[in-house]
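Notes follow the structure.
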């Protein structure tokens with residue numbers, strides 16, 4: 001979707017959500033004025049979590065045991081199994097094909113695994129309002145070299161959408 005452009009007289013950044021529309025305002029200097037870029041999306045994240053188990057069963061999302069930290073006595077450590085569960089809601093105007101990408105990165109931005117990429121097809125909503133889609137990604141034996149902050153980063157149509165922190169803590 002093309003940004004809307006408006007002129008204003010001072011710099012800043014604003015983000016707000018109203019009636020299902022998220023708007024991000026970015027101000028860039030142009031001579032003595034500033035250009036306001038507005039990106040509108042109807043897509044909303046209903047759920048984005050890390051869990052012990054997740055499953056999509058006929059559009060019903062089952063999530064068991066959400067967490068954001070792993071405790072380990074020594075490193076490197078391999079976490080036996082976990083799942084990313086995500087439920088996205090798209091407005092009627094967003095029917096069509098959308099790409100997604102999920103990255104797992106460390107505090108320096110280095111990828112720990114190959115990004116998980118896919119395509120979701122959003123049909124015209126049956127109720128004329130919105131369509132929901134579940135994304136479940138299961139991982140086995142995720143290896144972490146050292147304690148620290150890690151992050152699952154979700155991108156939709158190439159744009160960063162959300163980040164999910166995961167803390168690896170060493171216990172004695």
### Task
Return yes or no: is residue 115 touching a helix residue (DSSP H, G or I) at 6+ places or on another chain (Cβ under 7 Å), over 23 Å from residue 64 (Cα atoms) and surrounded by 11 or more Cβ atoms within 10 Å (Cβ to Cβ)?
no
#### Entry: Given (1) more than 25 Å from residue 170 (Cα to Cα); (2) assigned to a strand (DSSP E or B); (3) without any contact (Cβ under 8 Å) to a residue 60 or more places away in the chain, number of the condition residue 134 does not satisfy
(3)
### Query
Does segment 76-117 hold any residues that are at pLDDT 95 or above and assigned to a helix (DSSP H, G or I), and which are they?
none
### Check on residue 125, touching a strand residue (DSSP E or B) at 6+ places or on another chain (Cβ under 7 Å), assigned to a loop (DSSP other than H, G, I, E, B) and touching a residue at least 24 places away in the same chain (Cβ under 8 Å)
yes
### Message
With the requirement that a residue be buried (at least 16 other Cβ atoms within 10 Å of the Cβ) and within 27 Å of residue 90 (Cβ to Cβ), what does segment 152-172 give you?
### Response
152, 153, 154, 155, 156, 161, 164, 166
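The values are calculated or read from the model by the stated rules, or taken from the named source; none is laboratory data. Values in this document were obtained by computation on a predicted structure and should not be read as measured data. Heads up, the Cβs are rebuilt from the backbone with ideal geometry, glycines too, and the neighbour counts pull from every protein chain shown.
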